[in-house]
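J.: One structure, as structure tokens, below. Some questions next.
The values are calculated or read from the model by the stated rules, or taken from the named source; none is laboratory data. Predicted, not measured: the structure shown is a model, and the values here were computed from it. Every residue, glycine as well, gets a Cβ built from its backbone with ideal geometry; the counts of neighbours run over all protein chains shown.
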Amino acid sequence: MLKKFSGLIKTFFIRRSPLAQPKKVSINQEDYILRSIMDADIKELIALEKDVYFGETPWTKSAFLSEIHSPIHHLYACLIRQKEIVAFIGCRVIGNDTHITNVAVRRDAQNAGLGSYLIDEVEKFAIMNGCITLSLEVRVSNKDAQRLYRRLGFESLSIRRNYYTEDHEDALEMIKRLQEE
Ligand SMILES: CC(C)(COP(=O)(O)OP(=O)(O)OC[C@H]1O[C@@H](n2cnc3c(N)ncnc32)[C@H](O)[C@@H]1OP(=O)(O)O)[C@@H](O)C(=O)NCCC(=O)NCCS
């Protein structure tokens with residue numbers, strides 16, 4: 001009960017965000033800018049989604065807008081190289097859990113550590129906000145992403161049947177425990 005109550009307090013009142021200002025970061029000897037996502041980025045984010053999902057766009061403009069303006073505490077961040085967005089991630093804090101809602105890296109920038117870097121940033125954000133777990137869903141067929149998540153300490157939790165509305169594929173729910181409960 002106490003744990004549930006403290007989770008609710010965290011959801012609505014305790015809000016800590018690390019990205020008030022853009023910052024220069026170096027990932028595998030390459031320089032990037034890490035900053036919060038803004039409304040003006042959405043066109044580029046949709047193009048990035050089309051690039052990684054073979055023309056499909058899992059998130060529409062309104063889905064991005066509602067997430068980045070959500071009253072639920074969240075972090076939506078992107079990495080910029082030579083003025084172009086090459087990767088982004090989003091998460092929400094719900095009680096004691098930070099849930100990763102979206103992560104994508106432009107195809108020509110994959111396998112260079114950007115996905116791992118962004119997930120580490122979200123993990124720091126989760127810890128800063130007192131969360132106990134980090135969670136996400138991934139398509140059961142997306143074995144590359146699952147391998148990355150396992151390497152970063154996520155474990156499989158459950159299968160969500162017919163999770164994806166477009167094609168009814170199942171989702172694997174994965175979780176990383178950040179602190180002892
Ligand atoms: C899944 C995804 C976000 C991973 O992003 P990424 O930037 O390629 O991830 P990383 O580079 O951190 O890690 C990928 C692999 O590259 C390796 N790698 C990282 N840095 C490297 C480097 N400098 N040199 C060589 N390999 C490297 C990692 O070890 C990792 O190997 P693993 O798959 O065996 O664990 C990206 O592939 C993507 O956008 N996929 C399409 C969208 C998607 O599926 N999103 C997830 C939905 S749940």
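J.: Looking only at segment 90-114, count how many residues are among the β-branched types (V, I, T) and either near the ligand (Cβ under 9 Å from one of its atoms) or more than 16 Å from the chain's Cα centre (by Cα) (or both).
T.: 3
J.: In addition: For the list (1) farther than 30 Å from Q179 by Cα; (2) touching a residue at least 40 places away in the same chain (Cβ under 8 Å); (3) assigned to a helix (DSSP H, G or I), I need the number of the one condition that V86 fails.
T.: (3)
J.: Continuing with the same structure: Is it the case that K143 is closer than 26 Å to E56 by Cα and at pLDDT 95 or above? Break it down stepwise before answering.
T.: Numbers: closer than 26 Å to E56 by Cα: yes; at pLDDT 95 or above: yes.
When the stated conditions are applied, K143 passes them.
J.: Still on this structure: Output the residues belonging to segment 20-63 that are touching a helix residue (DSSP H, G or I) at 6+ places or on another chain (Cβ under 8 Å), within 15 Å of the ligand (Cβ to nearest atom) and among the aliphatic types (A, V, I, L, M).
T.: V25, I27, L34, L45, I46, V52
Residues are listed down the side, and each one gets a yes or a no for (1) closer than 24 Å to L79 by Cα; (2) within 13 Å of the ligand (Cβ to nearest atom); (3) hydrophobic (A, V, I, L, M, F, W, C); (4) not in a loop (DSSP other than H, G, I, E, B):
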site: S116; (1), (2), (3), (4): yes, yes, no, yes
site: V122; (1), (2), (3), (4): yes, yes, yes, yes
site: S135; (1), (2), (3), (4): yes, yes, no, yes
site: S141; (1), (2), (3), (4): no, yes, no, no
site: G153; (1), (2), (3), (4): yes, yes, no, no
site: Y164; (1), (2), (3), (4): no, yes, no, no
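J.: So, of the residues in segment 104-118 that are in contact (Cβ under 8 Å) with a residue 40 or more places away in the chain and touching a helix residue (DSSP H, G or I) at 6+ places or on another chain (Cβ under 7 Å), which turns out to be nearest to T133 (Cα to Cα)?
T.: Result: A104.
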